[in-house]
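Each remark here refers to the structure printed beneath this line.
The values are calculated or read from the model by the stated rules, or taken from the named source; none is laboratory data. Everything numeric in this text was worked out from a predicted model, so none of it was measured. As a convention, Cβ positions derive from the backbone with ideal geometry for all residues, glycine included, and neighbour counts pool all protein chains shown.
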Amino acid sequence: MRIPRFTKVLAALFGLGWTVVATGADAGTLWSTKVRPLFDVHCVKCHGPIEQKSGLELDTPESVLKGGDEGAVVIPGDAAKSRLYQYLAVGADPHMPPKKQLSDADQAIVREWIEAMAAPARQESASVAKPRTFGSIPEAVDTLLAEGWIARGLQPAAPLDDQLWCRRVYLDLVGRIPSPEEIDAFVALPAEERRRSLVDRLLGSEAHVVRMRELWDVFLMGRPKRENHEDRRKQNGWWGFLEEAFRKNRPWNETVRDLLVARGDAPESKGASWFLYERRNEHQAMAEAVAPVVYGTRIDCAQCHDHPLAREIKQAHYWGLVAAFNRSKNIDGGNQVAESAVGGFINFTNLRKESQPAIVTLLNGRVVSEERPAAGAKEEDADDRYVDPKAKPRVPKFSRRAAFAEAATQDNPLLARAFVNRTWAVLFGRGLVHPVDEMNARNAPSHPELLDWLAADFARSGHDVRRFVRGLVLSRAYSLARGTGPAEAFASALERPLTAEQLARSWRVAAGVAPDDDTLRRATTSALPDVLPREYNATFQQAQYLAHAPALAELLKPEGSGTVPRLAAMKEPTARVQEAFRRTYGRQADADELAAALALADGADTSAGASSRDLLWALMTSAEFLTMP
């Protein structure tokens, strides 16, 4: 077989062997990217897990092929003879969906999928099908991604140069751009050790601790809804709990266990109870916040019935998770969450109007066993039900929260998968499963073997957070430049907007002052609150903030010290422009940029200080500055 030239390029680029994988029409990809989203909107309500009109289910390829009461609805490879496609046409009788006409483009998607089903499914080579061993995280990432590119016929983007890679890793690990002096110091290191040396130094820094706390505060709690919520999280030890966990590189499962148990009875768990406390005794809110952490998926849609799209998520899972926390109650005047030793036995009503007991049942199949009182029996609370009756708060001898926490953080592969997927999304712009909080049967991983290997390796490592982050950023795939191609292939870096914290700090670095400042950070997080949005959409309010932010104006005053006065003092306009580019972008202006900047300065009837301020403001609010390199 003739080997395409790009496979040799990949082999040369990554220093790997290559494996040829059969390509062709891929019905599986068409299903997951085009057909299933279409059916979810127009078909699954009547033909899915909840209702199966005419005995037909359209939520999985297998159920489509199975057909309904009247037999097959699809003939693989022949859309024209497939009733599923025929019924979409204008004037069809019966017509699907009822009372709505799909567009020609939507019909074409269904036709393309049915035609593609005639081709054999893409087969992995024998070596890929077997579980494999890799010596490191970078080796696993680079090998498995490269095989995916070959299978898709993709050419990976070129790697970043050292200066841009340095900028990217500073932003990801410590939440700011490097100064020109820091870039120069990095480049001066021996080539064979400079990247590892920088990564290890940044991972061991206090700035990295704060960066990780900022991310996980939002992932676990959301952006503060009120102005004083942030202060309360800090004052009640929540920030300190997260920071100490990342500072000591505590195993992730231990950190999660502490926030689920919510005791604060050991130095390392102090402040963990705020995770539940801030939910203000709303047990459903607690359950909905916990699910993405321990399962990797939201379960909100299973409150009133089994999940309408993800068959494995049952109504019993939702109410069982609520039951895990419904003995909890905030203690006034502090941040402690008490737990009763009795009560909290609830029932829920399914769609058949039947009452079912809520039993703590995890998505991984484990059940927290607990004897329920007999019907009509009244439980009596008593001191002998608690470890220490005089303690405040008292701890039950059987703690439902602790029993759930143990089941959720020990031998639960979903916990590792959830952390791995979200951290991958932070560093690569998109999860191996997308969206990151919908890791269920509806959303297949883009690289199943890679996700399986990374999750298993993370668990084997003892849930070592720092080791995992280090492995990802030292992979060659992390160093790729931006480019075109399907986002889920990771053959190039995806466009990633900076978080508010990254932006505020980076503005201060570019302005030549210390990176941390609460006033600018708070103003920026209020205007730009998103972290890992499913889809990034800029707003008018954000544009207004970037154009008129008082805190940014204060930062760029021509008086005093900092970059603007330094630029204003430079006599040579070309040198002034180049220094502004170096301070903001870490590079020199090209000929066109230089000409445009000089023309702007020549046409402005302002002082050198004002024109320097305006140039720096323009660079610091540009698309290049607002996104990851």
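So the values come out like this:
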| item | result |
| --- | --- |
| Residue within the stretch 171-194 that is part of a helix (DSSP H, G or I), polar (S, T, N, Q) and outside the structural domain of Leu520 (by TED's automatic domain parsing) present | no |
| Out of Pro515, Pro550, Pro486, sole residue that is more than 16 Å from the chain's Cα centre (by Cα), under 30 Å from Glu139 (Cα atoms) and either surrounded by fewer than 20 Cβ atoms within 10 Å (Cβ to Cβ) or of a type outside the set (Asp, Glu) (or both) | Pro486 |
| The lone exception for Arg442 - which of (1) in a loop (DSSP other than H, G, I, E, B); (2) farther than 23 Å from Gly320 by Cβ it fails | (2) |
| Failed criterion for Leu321 (all others in (1) surrounded by fewer than 24 Cβ atoms within 10 Å (Cβ to Cβ); (2) assigned to a helix (DSSP H, G or I) hold) | (1) |
| Members of the stretch 286-310 that are among the hydrophobic types (A, V, I, L, M, F, W, C) and either modelled with pLDDT of 95 or more or outside any helix (DSSP H, G or I) (or both) | Met286, Ala287, Ala289, Val290, Ala291, Val293, Val294, Ile299, Cys304, Leu309, Ala310 |
| Residues (assigned to a loop (DSSP other than H, G, I, E, B) and small (Gly, Ala, Ser)) located in the stretch 252-279 | Ala262, Gly264, Ala266, Gly271, Ala272, Ser273 |
| Positions within the stretch 287-330 being of a type in the set (Val, Ile, Thr) and under 16 Å from Ile50 (Cα atoms), in sequence order | Ile299, Ile313 |
| Where Asp530 falls short, out of the listed (1) buried (at least 19 other Cβ atoms within 10 Å of the Cβ); (2) under 30 Å from the mean Cα position of the chain (by Cα) | (1) |
| Subset tally (residues that are more than 27 Å from Val368 (Cα to Cα), crowded, with 21+ Cβ neighbours inside 10 Å and hydrophobic (A, V, I, L, M, F, W, C)) for the stretch 429-450 | 3 |
| Single residue of the stretch 195-232 satisfying the filter (part of a loop (DSSP other than H, G, I, E, B) and without any contact (Cβ under 8 Å) to a residue 60 or more places away in the chain) that is farthest from Val469 (Cα to Cα) | Arg226 |
| Pairs where the first residue, in the stretch 88-110, is over 16 Å from Lys34 (Cα atoms) and the second is β-branched (Val, Ile, Thr) and loosely packed, with under 13 Cβ neighbours inside 10 Å, C-beta under 9 Å, 6+ apart | Gln101/Val90 |
| Elements of type strands (runs of 3 or more DSSP E) in the stretch 328-430, at least 2 residues being closer than 19 Å to Ala289 by Cα and in the same structural domain as Asn253 (by TED's automatic domain parsing) | 328-330, 337-339 |
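Matching residues to (1) in contact with a Gly (Cβ under 9 Å, 6 or more places away or on another chain); (2) over 22 Å from His208 (Cβ atoms); (3) among the aromatic types (Phe, Trp, Tyr); (4) crowded, with 22+ Cβ neighbours inside 10 Å:
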site	(1), (2), (3), (4)
Glu227	no, yes, no, no
Trp239	yes, no, yes, no
Pro251	yes, no, no, no
Ala272	yes, no, no, yes
Asn281	no, yes, no, no
